[in-house]
Amino acid sequence: MAWTVLIASGMLEAVWATALSASRGFTKKGPTALFLVTMLTSMAGLAYAMSALPTGTAYAVWVGIGAALTVTLAVLRKQERLTLARGALLALLIGSVIGLKAVS
């Protein structure tokens, strides 16, 4: 259960990071509200996961999922370009997250 919550929390990290950018310094109410709700939910999920998983592993997986999905969202929204090098590094990051799960 802790792994499921951790993965969902990592996904929410991508949502709140994207909403934070869209809030334009907390001047837009909708993205600001989305940021607050998803950030609090994501942090609560991380805290829950850390009660059952090693802190370093849980945090690394949470950040890795959030970072990979945040970049993916930016590429899909045409805010960033996906180059061969960036794609390879994202694949390495995702592979590292899967590896941490496999060895835990």
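The values are calculated or read from the model by the stated rules, or taken from the named source; none is laboratory data. Being a predicted model, the structure only gives us computed values, none of them experimental. Virtual Cβ from ideal backbone geometry, glycine too; neighbours counted across all protein chains shown.
Observations, loosely collected:
- When each of ALA67, ALA91, ALA47, ALA60 is tested for being of a type in the set (A, V, I, L, M) and at pLDDT 95 or above, the lone residue that passes is ALA47.
- Scope segment 45-98; condition over 16 Å from the mean Cα position of the chain (by Cα), surrounded by 12 or more Cβ atoms within 10 Å (Cβ to Cβ) and small (Gly, Ala, Ser); matching residues: ALA52, GLY87
- VAL103 vs. criteria surrounded by fewer than 16 Cβ atoms within 10 Å (Cβ to Cβ), under 10 Å from GLY10 (Cβ atoms), hydrophobic (A, V, I, L, M, F, W, C) and out of contact with any Lys or Arg (no Cβ under 8 Å at 6 or more places or on another chain): no
- Among residues of segment 15-67, those that are assigned to a helix (DSSP H, G or I) and out of contact with any Ser or Thr (no Cβ under 7 Å at 6 or more places or on another chain), counted: 28
- Set VAL37, VAL71, VAL63: member being in contact with an Asp or Glu (Cβ under 7 Å, 6 or more places away or on another chain) and either β-branched (Val, Ile, Thr) or closer than 15 Å to TRP3 by Cβ (or both): VAL71
- Close pairs (9 angstrom Cβ cut-off, 6 or more residues apart or separate chains): closer than 20 Å to ALA60 by Cβ in segment 84-97, aromatic (Phe, Trp, Tyr) and at pLDDT below 95 anywhere: none
- Among residues of segment 22-40 being surrounded by fewer than 20 Cβ atoms within 10 Å (Cβ to Cβ) and within 14 Å of the chain's Cα centre (by Cα), the one that is farthest from ILE65 (Cα to Cα) is LEU40.
- When restricted to residues that are more than 17 Å from LEU73 (Cβ to Cβ) and in contact (Cβ under 8 Å) with a residue 24 or more places away in the chain, segment 14-28 contains 0.
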